[in-house]
Amino acid sequence: MKGVLFMDIKQTDSEYISHTYSRFPITLVRGNGCILYDETGTEYIDMGAGIAVNTFGAADKEWCFAVESQIHKLAHASNLYYTEPCVKLAEMLCQKTGLKKVFFSNSGAEANECAIKAARRYAFNKYGDEKHSVIITLKNSFHGRTVTTLSATGQDCFHHEFGPFTPGFVYADTENPDSLETLAAAGNVCAIMFEAIQGEGGVIPLSEDFVRAIKRTAEKYSLLLIADEIQCGNGRSGKLCAYMNFDIKPDIVTSAKGLAAGLPLGVTLFGEKVENVYTPGTHGSTFGGNPVCASAALSVLSRIDDKLLNEVTEKGNYIVKELNNSCGIAEITGLGLMLGIKTEKNVKDVINNCMEQGVLVLSAKSKLRLLPPLNIPYDKLEKAVSVIKKACSI
Ligand SMILES: *Cc1c(COP(=O)(O)O)cnc(C)c1O
């Protein structure tokens with residue numbers, strides 16, 4: 001039975017908040033690591049981390065300290081002035097990835113917008129016109145909700161009702177090198193944009209062969225490579241960036257979600273070819289690189305070291321080992337702590353069943369999706385996995 005407080009919140013939400021979300025019937029009020037509590041004090045094990053955002057779970061001590069110590073000094077300065085957390089974070093991001101420069105924004109969609117603008121400006125500077133501004137993205141990809149990033153998203157279900165869409169995107173069949181080649185050969189393309197692990201598309205990692213094809217096509221036609229690491233980055237795959245699981249070096253990398261682990265921060269990283277593509281006045285953001293978000297991200301990033309990454313891989317292997325071939329589970333895809341599970345039961349029933357048993361899981365298309373905090377302890381993981389196992393079994 002849901003209490004009066006919950007019913008009241010649900011009613012007010014429905015009355016005043018645009019109906020874009022179908023929310024689960026839970027009000028979350030606080031948390032501690034991978035444990036979340038509703039308004040009645042009921043505990044849940046968090047296997048979704050706020051959609052890959054809460055890298056170290058809720059109310060993590062180090063994260064709170066990083067945020068609090070900055071928020072009491074200066075919460076916002078605008079990009080008209082220097083702030084130390086922003087500069088230090090940029091330096092750390094470049095040192096850890098080998099990329100050369102960054103631009104900070106507030107969300108994944110904005111990070112991708114910045115990448116798309118950068119690729120177009122690069123092409124304009126190179127060819128002197130807009131004839132080479134087309135970007136190849138992959139079918140089944142997801143790149144955001146703004147009109148341009150929806151346009152970049154390679155799923156037809158996103159291409160209705162909000163037109164006209166930004167032109168200049170073509171969609172290659174994922175895992176089909178010939179499709180890439182045909183689109184690139186048209187001669188009007190400047191970049192290929194991809195998620196190394198397609199998140200919203202059902203947690204599907206690209207194959208090594210297809211990543212090789214992306215690399216080969218980019219080299220052959222002098223195209224930029226844009227890696228969207230918004231969901232699969234920040235240590236989730238067992239490497240800092242998911243593309244690092246493959247032999248490929250993107251020219252532009254975008255990140256957000258888990259970067260500031262609970263505060264809004266997006267980043268676009270530029271490699272050598274594009275490091276100077278933007279010049280004063282050509283791009284900007286009021287909040288981007290905000291010192292509080294930057295301070296949070298500095299603390300998060302400094303903790304994503306080899307030890308943590310190895311743990312992420314081990315925990316992912318543990319989940320796969322426990323659930324593989326288990327009753328009602330058809331297939332598990334993904335890397336590290338970004339896993340998609342094809343269930344024989346309807347995924348909604350599985351999610352509701354898990355929720356009733358105190359475990360919060362997500363879906364991606366028709367699959368179950370697991371994105372727990374990277375530091376989830378084994379005892380909690382063990383419990384969550386056993387609940388998931390039971391919920392899937394038929
Ligand atoms: C979530 C996501 C985005 C959009 O990020 P927002 O912060 O919601 O704008 C873009 N690309 C990928 C791969 C994502 O998972």
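Where a number appears in this text, it was derived from the coordinates with a stated rule and is not lab data. Remember, it's a predicted structure, so these values are computed and weren't measured experimentally. Here the Cβ positions follow ideal geometry from the backbone for every residue, glycine too, while neighbour counts run over all protein chains shown.
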Query raised in the report: Hey, does segment 130-145 have a residue that's among the hydrophobic types (A, V, I, L, M, F, W, C) and closer than 19 Å to T279 by Cβ?
Result: no
Requested in this report: Might you check whether a residue that is without any contact (Cβ under 8 Å) to a residue 12 or more places away in the chain, under 29 Å from C232 (Cβ atoms) and more than 16 Å from the ligand (Cβ to nearest atom) occurs anywhere in segment 64-85?
Outcome: yes
Report task. Those residues that are surrounded by 20 or more Cβ atoms within 10 Å (Cβ to Cβ) and of a type in the set (V, I, T), I need them from segment 149-175; list them, please. Result -> T149, T153, T174
Query raised in the report: Going by the conditions given, is D178 surrounded by fewer than 23 Cβ atoms within 10 Å (Cβ to Cβ), more than 16 Å from the ligand (Cβ to nearest atom), free of Cβ contacts under 8 Å to residues at least 40 places away in the same chain and assigned to a helix (DSSP H, G or I)?
Result: yes
Requested in this report: Please indicate, with yes or no, whether at least one residue in segment 249-258 is assigned to a loop (DSSP other than H, G, I, E, B) and more than 16 Å from the ligand (Cβ to nearest atom).
Outcome: yes
Query raised in the report: Do we find a residue being part of a loop (DSSP other than H, G, I, E, B) and either without any contact (Cβ under 8 Å) to a residue 12 or more places away in the chain or within 16 Å of the ligand (Cβ to nearest atom) (or both) anywhere in segment 27-40?
Result: no
Requested in this report: Taking A294 as the residue in question, decide whether it is within 15 Å of A66 (Cα to Cα), within 13 Å of the ligand (Cβ to nearest atom) and touching a helix residue (DSSP H, G or I) at 6+ places or on another chain (Cβ under 8 Å).
Outcome: no
Requested in this report: Could you list all residues from segment 130-158 that are in a loop (DSSP other than H, G, I, E, B), over 15 Å from A196 (Cα atoms), within 10 Å of the ligand (Cβ to nearest atom) and among the polar types (S, T, N, Q)?
Outcome: T146
